[in-house]
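Engineer: Can you keep this structure in mind? I'll have questions shortly.
The values are calculated or read from the model by the stated rules, or taken from the named source; none is laboratory data. Here the structure is a predicted model, which is why all the values come from computation and not from measurement. All Cβ positions, glycine included, derive from the backbone under ideal geometry; neighbour counts span all protein chains shown.
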Amino acid sequence: MNEAATQILADGLLKGGFDVLDALLTSSFNYAVSESKDSDEAALAAVLGTHTVALQGNIQGGGVLALLLSLEESTKLVSHTKDGEPTAAEALDDAGIESLKEIADGVLGGGVTHLAERFGEEMSIESFEVVQYTTEQASDLANFLGDGPVQSAFTFSADPHYDSSGYLLTSAALEARVPDSQVDSGDALVSDDEMKDILSGFSPEDETAGYAGSDEGIPENMEIVLGIDLTATARLGKVEMPIADLLALGPGSIIEVGHVVDEPVELLVNGHLIARGDVVVVDEKFGLRITEIISPRERIERFR
């Protein structure tokens, strides 16, 4: 396992997947990878003891991935998309599996699309399926993943309905597609230990004054993260729509996003809200004038 490549894959796939869930369920999901490690049949059997539903797919050009969820969270996602209310069920019926396939199409596709944009190459889901595994079927999942798979445990939440965990499984063939330039340039996120060192440079007495620790107000170890690229998104609003309505959209369609004209627009960085502001026009281009922003310490802590 290449730790840097694994982290890039996990971050990209989960970012793209949860962006789709945010839009699909009109929610704001937070997620974090807690551990990544090499996997084998025994490790998969242990994971399948609690997370039995797999959204899995083959990727154009090589590589496979699988997203493992618990039965409870899977049924909640199904009821949320169908009825607007996440309700857990004891089993997935045929209709539930079909609904989960539609969710899988968006989530897996969103994750792979995010990787394609990051890697600068053509990538898409060639085929996908929803499979319910038992611990005795760990060998089937191992065969699907091939030699040298990696499993990344992650947590996810969205108030007030979701607070759970899952596993992202990626094949060695997919890891091999991470560009060497990104691995070598340190595109992977900062480690927990490095982040603790960075956060230790903040002054708890005065968070609004900036950073403490050096003559310029920025601790020396802050340079570790200052060069990392983050994705900033201005979010006008959110709307809940059935999948059927999404598929019916076309040129000329109008979507009411429920945002009042004089309300501030949200600024999200890597999916985390950090500021609000007003839309302005600068040199015939839209811009965002910040009117409200969280403290520097909170901004850094949200990217852990």
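Engineer: Do you know which of the residues in the range 52-94 that are over 23 Å from MET241 (Cβ atoms) and acidic (Asp, Glu) is surrounded by the most Cβ atoms within 10 Å (Cβ to Cβ)?
Structural biologist: Only one residue tops the list, namely GLU72.
Engineer: Is the range 138-147 home to any residue that is in contact (Cβ under 8 Å) with a residue 60 or more places away in the chain and loosely packed, with under 15 Cβ neighbours inside 10 Å?
Structural biologist: Scanning the range 138-147 turns up at least one residue that is in contact (Cβ under 8 Å) with a residue 60 or more places away in the chain and loosely packed, with under 15 Cβ neighbours inside 10 Å.
Engineer: Can I ask one more? Quick check on the range 162-173: of everything there that is closer than 15 Å to LEU71 by Cα and in contact with a helix residue (DSSP H, G or I) (Cβ under 9 Å, 6 or more places away or on another chain), which residue is modelled with the lowest pLDDT? Write out each step before concluding.
Structural biologist: Here is the first cut: in the range 162-173, the ones closer than 15 Å to LEU71 by Cα are 162-167.
Within this subset, residues satisfying the condition of being in contact with a helix residue (DSSP H, G or I) (Cβ under 9 Å, 6 or more places away or on another chain) are 162, 164-167.
On the way: TYR162: 89, SER164: 93, SER165: 94, GLY166: 94, TYR167: 95.
My answer is TYR162.
Engineer: Scan the range 37-51 for residues that are within 19 Å of SER164 (Cα to Cα) and buried (at least 20 other Cβ atoms within 10 Å of the Cβ) and report the count.
Structural biologist: Here the count works out to 4.
Engineer: Filter the range 152-166 for residues that are farther than 13 Å from THR26 by Cα and of a type in the set (A, V, I, L, M, F, W, C) and give the result.
Structural biologist: ALA153, PHE154, PHE156
Engineer: Mind counting the residues in the range 231-247 that are at pLDDT below 85 and part of a loop (DSSP other than H, G, I, E, B)?
Structural biologist: 7
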